[in-house]
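Single-structure report; data block below.
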Amino acid sequence: MTSLESVLRDASLLVTCGPGGVGKTTTAAALALAAAETGRRVIVVTVDPARRLADTLGIVDSAGADDPCEVIGATGNPDGSLWAQMLDAESTFDRMITDRAPDQQRAQSILSNPIYRSIAGSLAGAQEYMAIERLHQLSTGGDYDLIVIDTPPSRHAIDLLGAPDRLVTFFSHPVYRVLTVPGRSLARVTNAGSAAFLWAIRRLAGPKVVEDAIEFFRALSGMEAGLRQRASETAAILRDERTAFVLVSSPRAEAIDEAAHLAGALRDGGYPLQAMVINLVNPTPLPLGVELPDLAAGPLADQVELHRELSALAADEAKEMLALRALAHELPLIEVPLLDDVQDLVGLAGLSQYLLER
Ligand SMILES: Nc1ncnc2c1ncn2[C@@H]1O[C@H](COP(=O)(O)OP(=O)(O)OP(=O)(O)O)[C@@H](O)[C@H]1O
Ligand SMILES: [Mg+2]
C-alpha cells in the first residue's frame, strides 16, 4: 500500500481534485511544502487561493502572476525549494498561443483579436483546460522535480479530465471547419447550419464581429495540428505512472457523492488515483463522564447542549465516511481534522503532518 509520503517522494506530478470548498487548494499547498521539506524542487500551481494563503505563498500580486515565485523561508532543507504560481486562465492561453503559433505575426493577430480576448477568459471549461495546459508547459520545462496542480471545483470530473479531448472536438466542429476553409469569404459560406449561425451572430453583434471571428479562427487553424498534439501529450502525462491524483472531500453527504462520482471517472479513465483525503472532519468530543440529565437543567445547560450537538455531528460524519472508506478499497484514506488556521506556513506544516499520518 502506498502512502502519501511515498507519493511525495516518487511522483513528478500530483493533482488535487474534488468537490468545491473541501480544501483542495490548501491540501495542494501543504503537500507541496512537505515535498520541498524532503529536498525536492517543487512548484504548486493554485486556483483562487484564500487571501491569506495567497499572501503566504507570495502570489497575491496578480500583475506578475504568470511567473512562479519562490516561497522564501518555506523549508529548512537547503536542497528543497517551494515555488508557487496562481493559475490565470487568460495568460496561460496567451502563452499557449505564443508558443504554438507558426510565427510572431500570426501570434499577434490572434492575441489582439477581440474574439480571442473574449474567449480566452470565459470559454466554458477554459479554467479546467488551462490547469491542464499549464501542466504541460511546466512538465516539459523540466525546472521542477514535482509539480503540484490544484484544480477548480469539478462539478463533473469530465469537465476537467475531458478538457484535452474537448479541444480536439472544437476543431472538428462543422462551423469551425467552414470558417477556416482557406480563401472562402463569408458570402460564400453555403452550409445551412453555419450560415444561420453567422447570420445570428451578425444580427446580435454586427458584421465586424463576424469578420473578427473568421479572422481569429483562420489564424488559429494554422496551429491546429500543434494543439491536437499537445492535447494528446497532456492526456498521456495525466495517466503516467509518476502522476498521482489525490481526491479531497469533506465528510458531508453531498461532497461525498460528488467525490464518489469523481473517483469512478478517474478509475474509468485510467487516471492514477493514489490517495483520498477526508478534510475538515469535526473532532468527536470526549464523553462527559457524567449523566447528562444531571447537568442539562443546571448552569452548564448551554455547554451540555453544544456537547450533544458536536457529538451528533461527529457521529453523522463518521457514518458518511463509511461510504468513502468503501470507495477507497486499498488506497490510503487520510482523515484531517478541522484545524485552527491553515493559511500560514506553520498551519500548512501542521496540516502536512496529518496528511503524512505522523
Ligand atoms: N483542515 C482544515 N482546517 C481548517 N480550515 C481548513 C482546513 N482545510 C481547509 N480549510 C479552509 O477552508 C477554506 C477552503 O479551503 P480551500 O480553498 O483549500 O478549498 P478548495 O477545495 O480549494 O475550495 P474551492 O473549491 O473553492 O477551490 C479555506 O478558508 C481554508 O483555509
Ligand atoms: Mg481551490
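The values are calculated or read from the model by the stated rules, or taken from the named source; none is laboratory data. For clarity, every value in this text was computed on a predicted model and none was experimentally measured. Please note: Cβ atoms are built from the backbone with ideal geometry, for glycine as well, and neighbour counts cover all protein chains shown. Remember, those area values only see protein heavy atoms, side chains included, never the ligands or the DNA or RNA. Shrake-Rupley method; radii C 1.70, N 1.55, O 1.52, S 1.80 Å.
Structural remarks
- Flag if Ala314 is surrounded by 14 or more Cβ atoms within 10 Å (Cβ to Cβ) and over 20 Å from Pro19 (Cα atoms): yes
- Residues located in the stretch 1-12, provided they are farther than 15 Å from Leu146 by Cα and either open to solvent by less than 10 Å² (accessible area, probe 1.4 Å) or within 9 Å of ligand 2 (Cβ to nearest atom) (or both): none
- Per-region count, the stretch 13-39, residues closer than 23 Å to Thr234 by Cα and either among the charged types (D, E, K, R) or open to solvent by 10 Å² or more (accessible area, probe 1.4 Å) (or both): 2
- All positions within the stretch 227-253 that are of a type outside the set (Ser, Thr, Tyr), within 14 Å of ligand 1 (Cβ to nearest atom) and either free of Cβ contacts under 8 Å to residues at least 12 places away in the same chain or not in a strand (DSSP E or B) (or both): Pro251, Arg252
- Filter result for Ile43 (in contact with a Cys (Cβ under 8 Å, 6 or more places away or on another chain), surrounded by 15 or more Cβ atoms within 10 Å (Cβ to Cβ) and either not in a loop (DSSP other than H, G, I, E, B) or not polar (S, T, N, Q) (or both)): no
- Test: residue in the stretch 72-86 that is surrounded by fewer than 18 Cβ atoms within 10 Å (Cβ to Cβ), within 16 Å of ligand 1 (Cβ to nearest atom) and either more than 14 Å from the chain's Cα centre (by Cα) or without any contact (Cβ under 8 Å) to a residue 24 or more places away in the chain (or both): no
- Qualifying residue in the stretch 304-322 (condition: at pLDDT below 90 and of a type in the set (A, V, I, L, M)): yes
- Taking first residues from the stretch 6-33 that are farther than 19 Å from Trp83 by Cβ and partners that are among the hydroxyl-bearing types (Ser, Thr, Tyr) and in a strand (DSSP E or B), the Cβ contacts under 6 Å between residues at least 6 apart in sequence or on separate chains come to Gly18/Ser249; Val22/Ser249.
- Here Ile256, Ile334 are screened, and the one residue that is over 21 Å from Pro49 (Cα atoms) and part of a strand (DSSP E or B) is Ile334.
- Applying a threshold of 7 Å to beta carbon distances and a minimum spacing of six or more residues, or different chains, the list of pairs starting in the stretch 48-71 at a residue that is at pLDDT below 75 and ending at one that is away from ligand 2 (no atom under 14 Å from the Cβ) and not in a loop (DSSP other than H, G, I, E, B) reads Ala65/Ser91; Asp66/Ser91.
- Residues in the stretch 24-51 that are within 12 Å of ligand 1 (Cβ to nearest atom), touching a helix residue (DSSP H, G or I) at 6+ places or on another chain (Cβ under 9 Å) and on the phi < 0 side of the Ramachandran plot: Thr25, Thr26, Thr27, Ala29, Ala30, Leu31, Val44, Thr46, Val47, Pro49, Ala50.
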